[in-house]
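These notes are about the structure you will find just below.
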Amino acid sequence: MIVDDHVRAFIAVELPDEVKDALSKVEARIARRVSAALGADAADKAIKWVDPRGVHVTMKFLGAVPASRLSLIERSLYRAVGNVQQLHIEVADLGAFPNPRRPRVLWVGLRGDLEELEKLHSLVDAEMARLGFPAEARPFSPHITLARLRETASPEERQKIGEVLEADSGPVPVPVHVGAISLMRSELSRAGARYTRLAHFPLATE
């Protein structure tokens, strides 16, 4: 969303439709079980699900960026990823932050070339730090967010949701070829966030 010529921007790995379809099925299954455990009304008040059509792996959130700086960010990202080899990951287990006993965020993890993915994240983070964006203080934890629990969710509701999560088999593994990262725009509205690709940055090929 452009406000006073600012863009709410982030850097991410975009995911193919096969992954979004798999996550949609997982979300629907867990949502049904949460509704059965809490009751439909209580479940709606306790948890907010992410639209699977917009899922991605966030590499760096930039926040509100002056539109005039986007070209500089793009040049820096080309420089950051130019020598990084393409890699492969796949969706893996379910989990929760900070843990399933008192969840705040439900997520799907990743496996595969995670060392290479972490290297890519470090290069992006360092390049953005040179432009004045604060470096990440927390370790990189690659994941895909499925849902966020609302502040009004009680400890008992959180525990029941965590139990549902732990009992689920998780998504069917779907391989993902990571051949690029993207600079994305996030536009917020009452209907939810809408994401648009601003630029695409291919990784190196052998």
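Bear in mind that the values in this text are calculations on the coordinates, not laboratory data. Just so we're clear, the structure is a prediction, and the values are computed from it rather than from any experiment. In this analysis, Cβ positions are derived from the backbone assuming ideal geometry, glycine residues included, and neighbour counts consider all displayed protein chains.
For segment 128-201 and segment 1-52, what is the separation of their Cα centres, given in Å?
9 Å
Which value, in debye to the nearest 20, describes the size of the charge dipole of segment 1-126 about its Cα centre when Lys and Arg Cβ atoms bear +1, Asp and Glu Cβ atoms bear -1, and nothing else is charged?
500 debye
Along the positive direction of the dipole of segment 20-81 (beta-carbon charges: Lys, Arg +1; Asp, Glu -1; about the Cα centre), which of MET59, TYR78, GLY39 reaches farthest?
Sorting the options by dipole projection puts first TYR78.
If I take every Cα pair under 8 Å that is 6 or more residues apart in the chain, average their sequence separation and divide by the length, what percent do I get for the relative contact order?
This gives 34 percent for the chain.
Taking only the alpha carbons of the chain, what extent do you get along each of the three principal axes, in Å, biggest first?
Between the extreme Cα coordinates on each principal axis of the chain lie 50, 42, 30 Å.
Helix-derived [θ] at 222 nm for the chain: sum -39500 (n - 2.57) over DSSP H runs of at least 4, divide by residue count, nearest 500?
Calculated mean residue ellipticity at 222 nm is -11000 deg cm²/dmol.
Go from 0 up to the bin containing the longest alpha carbon distance in segment 41-162, width 5 Å each, and give me the % of pairs per bin.
Answer for segment 41-162: a P(r) of 2, 9, 16, 17, 16, 15, 11, 7, 4, 1, 0 percent.
Treat every Asp and Glu Cβ in segment 76-206 as -1 and every Lys and Arg Cβ as +1, leave all other atoms uncharged, and give the resulting dipole magnitude about the Cα centre to the nearest 20 debye.
Its charge dipole is roughly 620 debye.
For segment 9-48, just say rounded, prolate or oblate: build the C-alpha gyration tensor, square-root its eigenvalues into a ≥ b ≥ c, call rounded for a/c under 1.5, and beyond that prolate if a/b exceeds b/c, oblate if not.
Oblate is the answer for segment 9-48, as a/c is 1.5 or above yet b/c matches or exceeds a/b.
May I have the extent of the alpha carbons of segment 69-112 along their three principal axes, as whole Å values ordered from largest to smallest?
Its Cα atoms span 43, 27, 10 Å along the three principal axes.
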